[in-house]
1. Quick check on my filter: what residues within region 70-84 are part of a loop (DSSP other than H, G, I, E, B), modelled with pLDDT of 85 or more and within 18 Å of Gln46 (Cβ to Cβ)?
2. Out of the residues in region 31-69 meeting the condition of being in contact with a strand residue (DSSP E or B) (Cβ under 7 Å, 6 or more places away or on another chain) and over 26 Å from Arg125 (Cα atoms), tell me which one is modelled with the lowest pLDDT.
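The values are calculated or read from the model by the stated rules, or taken from the named source; none is laboratory data. Since the structure is predicted, the reported quantities are computational estimates derived from the model, not experimental observations. Counting neighbours? That spans all protein chains shown, and the Cβs are built from the backbone with ideal geometry, glycine included.
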Amino acid sequence: MKPIEHIKKEIDAFSSVEWAACDYPKKTADDHETADVGWVKFQLSQDKLGFRTLEFIAWIVTDMRNAGERLHFLPVSPPPHLNEPGKSLCFVLECYPKDGDQDARFMKVAEFIAWCRNEHWEKCRGA
C-alpha cells in the first residue's frame, strides 16, 4: 500500500464517505507530474451524518494545520449543469511533503485521523 493510501483508508473509514480516491504525486491528464502533493478526494452522503463527518474532518485538518502540517482541505465540483445537480460536490485533502518526507508525513496524517476518529468520533457523530 502506498503511504497516501493510508490517508484514504482512514477517510474511507467514516461510514458517510460514499467513495474516495487518492494519488501521489499530483499529475496532469496526460500523466505528467505537476506538483509534489498527495491528495485524497472523497464524496459524503447528503445527510446529517455526512455533514457531521465534514465538520469532523475539517476540525482534524484545522488542528493539524495549526500544529504546522502542510495541508489544504477544499470543496471541488465539476459544473453541476453538466452533471447531476446535487451529486457533484466532493472534497479534497491535499498533503504537501517537504524535502522528500512524503512517506513519513502521509503516515503521520493517517495516524492522526485514526486517533481522532477512535478518541472523539462517537461523541461527535450523533445518533
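1. Answer for region 70-84, where residues must be part of a loop (DSSP other than H, G, I, E, B), modelled with pLDDT of 85 or more and within 18 Å of Gln46 (Cβ to Cβ): Ser77, Pro78.
2. So, considering only residues that are in contact with a strand residue (DSSP E or B) (Cβ under 7 Å, 6 or more places away or on another chain) and over 26 Å from Arg125 (Cα atoms), the one modelled with the lowest pLDDT is Glu33.
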